[in-house]
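Structure first, then comments.
Read-outs throughout are calculated quantities, based only on the coordinates presented, and are distinct from any laboratory measurement. Since the model is a prediction, treat every value here as computed from it, not as a measurement. Heads up, the Cβs are rebuilt from the backbone with ideal geometry, glycines too, and the neighbour counts pull from every protein chain shown.
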Amino acid sequence: EAGVTQSPTHLIKTRGQQATLRCSPISGHTSVYWYQQALGLGLQFLLWYDEGEERNRGNFPPRFSGRQFPNYSSELNVNALELEDSALYLCASSRYGVENYGYTFGSGTRLTVV
Amino acid sequence: QKEVEQNSGPLSVPEGAIASLNCTYSDRGSQSFFWYRQYSGKSPELIMFIYSNGDKEDGRFTAQLNKASQYVSLLIRDSQPSDSATYLCAVMLYGNKLVFGAGTILRVKS
């Protein structure tokens, strides 16, 4: 079974630009979650998508947005990049009954804003 | 008050000893609790979950849950140098939101 895949592995952008990060969940998983892990900080919940809809959102500004496609893959967009957006962005997926199984994380995308 | 709190460590134990990691949470309505391990530069890996009061054992790992006191712990028996990592406690809140603590760094010395 293929795991959660994320692309690209690394991304370098200039302040003010837009970044697009992609995620493919495990086959059969319909929910996708995005987290930000900045250096020295814990995992911060960004977004949850299920069946193509945004279901929950963390305390991040609107310039963090995303979508989920019919094949359940997902995209995270960060507009007007700021230096403090530099972080590891982790995507996770879950099967039905997540309260019993938790999430499975991908390897992450390391975003560097210069 | 943070939703999930952990001692950042580092917690240093000798090889073969028992490592004890603790976590407290603030939402009394929380039902599911998870422990993830994260090696430096890698993504978190689920190692245990528990949702009933008491102990749950899986190999060298034992998760303990006390809902009345709102704490969760993870015991690692016969600690190995390969167990050296950051251990993240996570609590499932409403809306499938998994809230993580900041993590405890564990160092197992050979």
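Helix-only mean residue ellipticity at 222 nm, chain A, DSSP H runs n ≥ 4 weighted -39,500 (n - 2.57), per residue, nearest 500. What is it?
Result for chain A: -500 deg cm²/dmol, rounded to the nearest 500.
Tell me which aspartates and glutamates have Cα within less than 14 Å of B:LYS109's Cα, excluding those fewer than 8 residues away on the same chain?
Reachable aspartates and glutamates: B:GLU15, B:ASP78, B:ASP83.
May I ask for the longest run of chain B untouched by GluC sites (Glu not before Pro) that are loop-located per DSSP and have at most 16 neighbouring C-beta atoms (other than their own) within 10 Å?
The reported range is B:16-110.
Mind giving me the nanometre distance, one decimal, between the label points for A:THR30 and B:LYS109, set 7 Å out from Cα along Cα→Cβ?
Computed distance between label sites A:THR30 and B:LYS109 equals 5.2 nm.
Any idea how far apart A:LEU83 and A:ARG15 come out in nm if each label point goes 7 Å out from Cα toward Cβ?
0.6
Extent of the protein assembly as shown along each principal axis, from alpha carbon coordinates, in Å, largest to smallest?
Result, largest extent first: 49, 39, 35 Å.
Can you give the longest run of chain A that contains no GluC sites (Glu not before Pro) sitting in a DSSP loop with at most 15 other Cβ atoms inside 10 Å?
Formally, the longest exposed-site-free interval is A:2-50.
Taking loop as defined by DSSP and a crowding limit of 12 other beta carbons within 10 Å, which chymotrypsin sites (Phe, Trp or Tyr not before Pro) in segment A:1-92 fit?
Here no loop site has a sparse enough neighbourhood.
What distance in nm separates the two pseudo spin-label positions at A:LEU41 and B:LYS42, each 7 Å out from Cα along the beta-carbon direction?
Distance between the two pseudo-spin positions: 2.5 nm.
Relative to the compact globular guide of 2.2 N^0.38 Å, what is the alpha carbon radius of gyration of segment B:1-87, as a ratio?
Working: Rg = 12.9 Å, N = 87, 2.2 N^0.38 = 12.0 Å.
Taking N as the residue count of segment B:1-87, the ratio is 1.08.
On the Cα set of segment B:40-82, report Rg and Dmax in Å, please.
Answer for segment B:40-82, Rg first and Dmax second: 12.1, 36 Å.
Can you tell me, using C-alpha contacts under 8 Å and at least 6 residues apart, the relative contact order of chain A as a whole percent?
Relative contact order, chain A: 36 percent.
Defining a contact as two alpha carbons under 8 Å apart and six or more residues distant in sequence, what relative contact order in percent does chain B show?
This gives 38 percent for chain B.
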